[in-house]
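Remarks on the structure that follows.
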């Protein structure tokens with residue numbers, strides 16, 4: 001059912017192969033499938049956006065953006081930040097490894113190891129999504145793209161440089 005509906009919408013909006021429809025105000029939040037609320041984006045970009053921001057409203061997008069900017073966006077140092085965090089996590093994992101073949105991990109060690117591995121996957125997944133969408137862009141270019149393509153057109157992300165904050169303003 002969902003696939004047919006998507007194909008119907010794609011034909012209605014004349015979406016080329018490899019592209020998809022992005023609801024700027026998500027359907028789950030009451031957004032309509034009308035031209036003013038739809039952007040045509042690459043499927044891979046849409047997956048990256050969903051990885052980073054899911055279907056969150058603009059206020060939550062601003063909060064998450066601030067978090068990701070600190071993690072990945074420092075003057076285009078996306079992979080450096082990612083590698084640094086990944087290496088720290090790998091060091092933590094190595095501390096848990098025991099060379100004695102007869103050592104059995106305790107439940108706490110197994111839980112800690114699983115949590116470290118999950119954090120590693122999280123950082124890589126989010127970092128690659130960030131890189132896909134924003135690599136090589138300045139903060140102003142990123143904010144402009146988010147405002148023009150991704151978030152509800154009734155809202156704008158605004159950067160307050162002195163306070164180093166991103167906030168939302170309703171148009």
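The values are calculated or read from the model by the stated rules, or taken from the named source; none is laboratory data. Fair warning: this is a prediction, and the values are worked out from it, not measured in the lab. All Cβ positions, glycine included, derive from the backbone under ideal geometry; neighbour counts span all protein chains shown.
Some observations on this one:
- For segment 16-46, a tally of residues being out of contact with any helix residue (DSSP H, G or I) (no Cβ under 7 Å at 6 or more places or on another chain) and surrounded by 14 or more Cβ atoms within 10 Å (Cβ to Cβ) returns 6.
- Within the option set 148, 152, being more than 17 Å from residue 69 (Cα to Cα), modelled with pLDDT of 90 or more and surrounded by fewer than 15 Cβ atoms within 10 Å (Cβ to Cβ) holds for one residue only, 148.
- Condition broken by residue 60, with the remaining ones in (1) free of Cβ contacts under 8 Å to residues at least 40 places away in the same chain; (2) surrounded by 15 or more Cβ atoms within 10 Å (Cβ to Cβ); (3) in a helix (DSSP H, G or I) satisfied: (2)
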